[in-house]
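Structure record follows, encoded as structure tokens.
The values are calculated or read from the model by the stated rules, or taken from the named source; none is laboratory data. Everything numeric here is computed off the predicted structure, so don't read it as measured data. Quick reminder, even Gly has a Cβ in these numbers, built from the backbone with ideal geometry, and neighbours come from all protein chains shown.
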Amino acid sequence: MKKSLIYVVVLVVVALGAGVLIGLGAARKTGDRFREVMRDKRAGMGDKLRDTNERKEILQRISQRLKLSDDQRDKIKSILEATRQQVGDLKKEGQDKIRDLREKTDAQIKRLLSPEQAEEFERMIQEFKQKLNQRRPGVAPLEGQHPGMPGEGPGRE
């Protein structure tokens, strides 16, 4: 009788231990998935939320570490905002230049193609844009992309 009671207790302890391990594994997997979903949502929002929080944290760290006065903090905040705007303008300018270069490249390629090939090339460009925009839900569609962009082509999906 005593042996069977010991077996039952051991079996219950093992079952409980296995249950705890399985539960921890499931919780971790769920947590990983939650973080992934939240990261995707933030990316879909253009990272505005994360950028705003990071800017606040940076200003707070500077302010605390340098023991800034309110006046200094406000002036530094203005400087950082102006710089952020300039960086955004430079990015936009760079994107415009890249788009113009892609359009020029596409035109050069089309001049070498027969009318049928040029039509197929245009379809390839449109398919690439659609595929790229499907991979980036919630992000503004890209224009001026073409099939020769990195990440496209056989075996590079």
Q: Can you confirm whether the range 85-97 contains a residue that is touching a helix residue (DSSP H, G or I) at 6+ places or on another chain (Cβ under 9 Å) and without any contact (Cβ under 8 Å) to a residue 40 or more places away in the chain?
A: no
Q: Go through Arg65, Arg84 for me and flag whichever is surrounded by 12 or more Cβ atoms within 10 Å (Cβ to Cβ), part of a helix (DSSP H, G or I) and at pLDDT 85 or above.
A: Arg84
Q: Scan the range 109-120 and report the pairs whose first residue is surrounded by 10 or more Cβ atoms within 10 Å (Cβ to Cβ) and whose second residue is of a type outside the set (A, V, I, L, M, F, W, C), with Cβ atoms within less than 6 Å and a gap of 6+ or a chain change.
A: Ala118/Lys110
